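Encoded as structure tokens, the structure appears first; notes follow it.
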Amino acid sequence: MRLALFDLDNTLLGGDSDHAWGDYLCERGILDPIAYKNRNDAFYQDYLAGKLDQGAYLEFTLEILARTEMAQLDEWHRDFMRDCVEPIILPQALALLQKHRDAGDKLVIITATNRFITGPIAQRLGVETLLATECEMVDGRYSGRSIDVPCFREGKVTRLNRWLEENGLNLDDSYFYSDSINDLPLLEQVANPVAVNPDPTLRAEAEKRGWPVISLRD
């Protein structure tokens, strides 16, 4: 079975769901609209520059999950999906997903963003298999800690290789679509790496290596 792997943020979505979740919480007064937003923006700039401290970022972003009841989190996420995610779902991304479905490929979203945020998004996009950064749960609620290898940079390769072994699959003739230089370790592993609306560093790398560069935006 051929695999079609997709990064999520700024690839299938016309924005970053992880950063947008922080903005959503600030805009509604749930978190400090100045201090939290400033730090959230700084982390996002580090991510774009390829120098994010993933451990520090997870500690920062998962804290709100730990101190909030699940029912409230679910309510916020429903509003977040409606107000923030739906507007950045790209029609051309949906068409690309459908193209791979029609070809009989196995679709996988593989993202550094945590599963709380991305689980409903993957479901909305009709992709059953999601590899994401995992949030620890204790007694039915989030602890504020991550578990397992974060699905980020080389961690994406580690998590994917484990999943491949567990499912008896391989990367023969596989595709991976991503916008970010952070995904270079996984792009190097697949048969068909594709840069999607890439950041400048990935664009230069793709052009140097002769990888396709595509746009899923109007």
Taking the chain as a Gaussian network, Cα atoms linked when under 10 Å apart, which of 197, 170, 114 shows the biggest mean-square fluctuation?
170
Within the set of other residues whose C-beta is less than 13 Å from the C-beta of residue 115, count the net charge using Lys and Arg as +1 and Asp and Glu as -1.
-3
Long-range amide H partners of residue 145, meaning residues 5 or more apart or on another chain whose placed amide H is closer than 5 Å, are 136
Dipole magnitude of the stretch 69-124 about its Cα centre, charges +1 at Lys/Arg Cβ and -1 at Asp/Glu Cβ only, in debye to the nearest 20?
320 debye
Using only Cα atoms and rounding to the nearest 10 degrees, what angle (0 to 90) does helix 91-102 make with the longest principal axis of the chain?
50 degrees
Which value at 222 nm does the chain reach when only helices count, each DSSP H run of 4 or more adding -39,500 (n - 2.57), with the total divided by all residues and rounded to the nearest 500 deg cm²/dmol?
-13500 deg cm²/dmol
Would you list 19, 100 from the most to the least accessible area, probe 1.4 Å?
19, 100
Using a Förster radius of 35 Å, what is the FRET efficiency between residue 170 and residue 217 based on their Cβ-Cβ separation? Nearest 0.05, please.
0.65
Given unit charges at Cβ for Lys, Arg (+) and Asp, Glu (-), the dipole magnitude of the chain about its Cα centre in debye, nearest 20, is 300 debye
If you build a Gaussian network model of the chain, linking Cα atoms that sit under 10 Å apart, which residue out of 73, 184, 62 swings the most?
73
Taking every eigenvalue of the Cα gyration tensor of the stretch 1-125, multiplying by 5 and rooting it, what semi-axes result, largest first, whole Å?
27, 17, 13
Extent along principal axes [Cα atoms of the stretch 86-128; Å; largest to smallest]:
30, 23, 15
Calculate, in nm to one decimal, what residue 41 and residue 53 gain on full extension: separation in residues at 0.36 nm each, minus their alpha carbon distance.
3.0 nm
Could you tell me what percent of the DSSP beta bridges with both partners in the chain are antiparallel, to the nearest 5?
25 percent
Among 27, 165, 86, whose mean-square fluctuation peaks in a Gaussian network model of the chain (Cα, cutoff 10 Å)?
165
If every Lys and Arg gets +1 and every Asp and Glu gets -1 at its Cβ, then about the Cα centre the stretch 105-218 yields a dipole, in debye to the nearest 20, of 260 debye
Counting C-alpha atoms alone, how compact is the chain: give Rg to one decimal and Dmax as a whole number, in angstrom.
16.9, 50
For the stretch 169-202 and the stretch 102-126, what is the separation of their C-alpha centers, rounded to whole Å?
16 Å
Placing +1 on each Lys and Arg Cβ and -1 on each Asp and Glu Cβ in the stretch 1-76, then taking the dipole about the Cα centre, the residue among 33, 3, 20 whose Cα reaches farthest towards the positive end is 3
Separation between Cα centres of the stretch 65-89 and the stretch 10-43, rounded to whole Å:
12 Å
I'd like to know which of 119, 155, 191 lies farthest towards the positive end of the charge dipole of the chain, counting +1 on Cβ of Lys and Arg and -1 on Cβ of Asp and Glu.
191
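The values are calculated or read from the model by the stated rules, or taken from the named source; none is laboratory data. Because the structure is a prediction, the values reported are computed rather than measured. Positions of Cβ are generated from backbone atoms using ideal geometry, with glycine treated the same way; all protein chains shown enter the neighbour counts. Quick note on the areas: whole protein, heavy atoms, side chains included, nothing else; ligands and nucleic acids left out. Shrake-Rupley method; radii C 1.70, N 1.55, O 1.52, S 1.80 Å.
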